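Inspection log for the structure reproduced underneath, given as structure tokens.
The values are calculated or read from the model by the stated rules, or taken from the named source; none is laboratory data. The shown structure was predicted, so the numbers you read here are calculated from the model rather than taken from an experiment. Here the Cβ is made from the backbone with ideal geometry for all residues, glycine too, and neighbour counts use every protein chain on show. Heavy atoms of the whole protein, side chains included, go into the accessibility calculation; ligands, DNA and RNA do not. Shrake-Rupley method; radii C 1.70, N 1.55, O 1.52, S 1.80 Å.
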Amino acid sequence: MMKRLISLLILAGLFLVLAGTASALTTKPVMPELLHDLVAGKTFKARMEGYATDEEMKNVTLYFSVYEQESYLADEVENLAVGDTIVIGGDDFVIRKIETDETGYKMTGLYTIYLSKNDKGLYTAITDTENRFYKNVFSFEVQAAPDFKFLDSGDPEAEKPVELTIKELIERYSDEQLNSMEENTVITFDDDGLVKQLEYLYTPWN
């Protein structure tokens, strides 16, 4: 009788342990509302700054800095004259010569820059060596979506990008095979604010 009672108690204890395990929950903090509203459903030029992941790469956090190309008011650019100064990349660029064509302005100083209007009616600059100037707008961390896609468009001769996984993105980044910059990295978010796609574009500096 005693042995049977002990067996029943052991079974009861085991049942309680299993029941407790089955009902154990894990909850995580939601994405900050400000970040969600800022990125959800949008696309940005960004530089990948790092990552954090579990061993199985099921939960991946990516770190980015978002950049925007420096831009200038149209009326200010269009009134510049020889001897005036335009600030490029934080440095004073003294204009020695100005030429115009259908695309905008060619300005010569210590080097040459070309200014053309973007779709917002602002002017952006590029040097004769194809260097553009960017401002760091904000930096953040975000989770990768379960259906995340890594599109490698780094081969200029390829007809379409190569579709890869989050694991392959991290492996390339870790091995320094991926030189992510604001010029060559475009990230897209889903409506939940998770990053669903990173496209790696071709540039001469890849």
**Message:** Just checking, does region 152-163 include any residue being without any contact (Cβ under 8 Å) to a residue 24 or more places away in the chain and closer than 30 Å to Pro29 by Cα?
**Reply:** no
**Message:** Take Lys106 and tell me if it is assigned to a strand (DSSP E or B), open to solvent by 20 Å² or more (accessible area, probe 1.4 Å) and free of Cβ contacts under 8 Å to residues at least 12 places away in the same chain.
**Reply:** yes
**Request:** Within region 128-168, track down each residue that is basic (Lys, Arg), open to solvent by 90 Å² or more (accessible area, probe 1.4 Å) and under 16 Å from the mean Cα position of the chain (by Cα).
**Result:** Lys135
**Message:** Take the conditions β-branched (Val, Ile, Thr), loosely packed, with under 13 Cβ neighbours inside 10 Å and at negative phi and apply them to Thr85. Does it pass?
**Reply:** yes
**Asked** Looking at region 69-82, which of the residues that are in contact with a Lys or Arg (Cβ under 8 Å, 6 or more places away or on another chain) and either open to solvent by 60 Å² or more (accessible area, probe 1.4 Å) or not in a loop (DSSP other than H, G, I, E, B) (or both) is modelled with the lowest pLDDT?
**Response** Gln69
**Complete:** Flagged in region 169-200 as in a helix (DSSP H, G or I) and open to solvent by 70 Å² or more (accessible area, probe 1.4 Å), in numbering order, are Glu171, Arg172
**Request:** For Glu99, indicate whether it is open to solvent by less than 50 Å² (accessible area, probe 1.4 Å) and closer than 28 Å to Gly121 by Cα.
**Result:** no
**Prompt:** Hey, any hits in region 35-48 for a residue that's more than 21 Å from the chain's Cα centre (by Cα) and either at pLDDT below 95 or over 30 Å from Tyr105 (Cβ atoms) (or both)?
**Reply:** no
**Request:** Answer yes or no as to whether Lys120 is open to solvent by 80 Å² or more (accessible area, probe 1.4 Å), outside any loop (DSSP other than H, G, I, E, B) and not polar (S, T, N, Q).
**Result:** no
